[in-house]
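> The structure that follows is given in the form of structure tokens.
The values are calculated or read from the model by the stated rules, or taken from the named source; none is laboratory data. Keep in mind that this is a model prediction, so the values were computed, not measured. As a convention, Cβ positions derive from the backbone with ideal geometry for all residues, glycine included, and neighbour counts pool all protein chains shown.
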Amino acid sequence: MKALFETAIAATIALGLQAPAASAQDNWPVKPITLIVPFAPGGNTDLIARTIAPKLSEKLGQSVVVENQPGAGGTIATTALKSATPDGYTMAIGDISTHAISPHVYKNLTYDPIKDFQPIIQITSVPLLLVVNPEVKANTVEELIALVKKEPDSFSYASSGNGSPQHLAFEYFKSLAGINPVHIPYNGSAPALTDVIASHVQMMIDGTAVPHVKNGALRALAVTGAERSQALPDIPTMAEAGVKDYLFASWHGVFYPAGVPAEIVNRVNEALDEAIKQDDVKKRFAELNIGIAGGSPQQFADFIATENDKMKQLVEASGATKD
């Protein structure tokens with residue numbers, strides 16, 4: 001009888017050992033989540049974060065708190081994300097600068113864009129615009145190229161700084177068009193556009209110029225993306241305008257530090273993929289001239305690897321470096 005009892009106890013313990021224990025991620029999330037924005041309030045990246053944060057909160061059942069950590073072209077916040085605990089409660093918006101350009105521009109960057117982060121989802125694909133001051137006697141890209149070739153010392157272009165997406169996008173255009181206007185870097189898009197509007201500089205490639213085009217302060221010649229802009233459907237793409245093989249788009253996505261459990265990554269991916277497809281989000285992004293991306297974590301990881309290779313080549317060709 002005693003032996004039979006001991007056998008039953010042993011069987012019960014064995015079954016208990018075989019039963020799967022509840023993991024921490026089964027109950028995740030149990031507290032608010034922080035979404036870091038690597039730039040100051042009011043810019044496109046901040047607006048994107050504040051558009052998706054309440055949607056993600058609804059899907060996950062916890063508050064998603066937006067926290068701005070600007071500085072050093074977004075690298076301060078991105079470095080902070082690298083050091084965050086990989087428990088799913090700290091994520092950040094990243095973009096073409098933080099995860100594809102900065103690694104090849106900054107000499108002493110403290111993070112690796114591939115190894116140190118877990119991509120969750122690509123949120124946007126943002127086409128830029130080639131714009132000129134209305135005094136420039138060119139209504140098409142073809143006419144602009146011919147004009148700059150004819151008077152090479154009379155033209156310059158603005159950007160938001162050395163190594164910025166605007167700088168690299170124009171350097172790419174220069175290489176394909178065979179022109180060489182002087183580069184005038186500024187500390188941000190706003191002052192650069194102001195000087196193009198004032199005709200101190202003749203042209204620029206930028207993603208925030210739509211309002212200035214609509215009010216007549218600037219003339220748009222082409223869109224840098226694969227498709228025409230919803231905000232300016234009459235403006236051709238670079239390829240349609242005759243600059244073959246030209247394709248350049250800025251982008252934004254959401255990242256975790258490396259090591260977050262796959263179950264959490266996939267859950268957040270699904271929630272955000274559903275959120276960005278909602279009509280009010282699509283409408284808001286269209287108003288900002290922002291295209292919606294989406295997709296799986298692996299698709300985003302593959303995209304980042306490709307973008308890194310492309311941006312590395314453009315940075316090396318431009319000679320842009322920072323300490």
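> Do we find a residue being touching a Lys or Arg at 6+ places or on another chain (Cβ under 7 Å) and modelled with pLDDT of 55 or more anywhere in the range 57-66?
Within the range 57-66, one or more residues are touching a Lys or Arg at 6+ places or on another chain (Cβ under 7 Å) and modelled with pLDDT of 55 or more.
> From the list Ile145, Ile121, which one is closer than 19 Å to Arg219 by Cα and of a type in the set (Val, Ile, Thr)?
Ile145
> Where in the range 233-323 are the helices (runs of 4 or more DSSP H), entirely inside, with at least 3 residues that are closer than 29 Å to Lys214 by Cβ?
By residue number, 279-287.
> Show the residue pairs meeting these rules: Cβ distance below 8 Å; 6+ apart or different chains; first residue within the range 252-279 and basic (Lys, Arg); second residue in a strand (DSSP E or B).
Lys277/Ile292
> Output the qualifying pairs, or none if there are none: Cβ atoms under 8 angstrom, residues six or more apart or on different chains, first residue in the range 61-75 and closer than 30 Å to Asp26 by Cβ, second residue at pLDDT below 95.
Close Cβ pairs satisfying both conditions: Val66/Asp46.
> If I go through the range 207-232 residue by residue, how many of them are under 12 Å from Val131 (Cα atoms) and assigned to a loop (DSSP other than H, G, I, E, B)?
7
> Say whether the condition of being within 17 Å of the chain's Cα centre (by Cα) and either surrounded by 24 or more Cβ atoms within 10 Å (Cβ to Cβ) or among the polar types (S, T, N, Q) (or both) is met by at least one residue in the range 173-183.
No.
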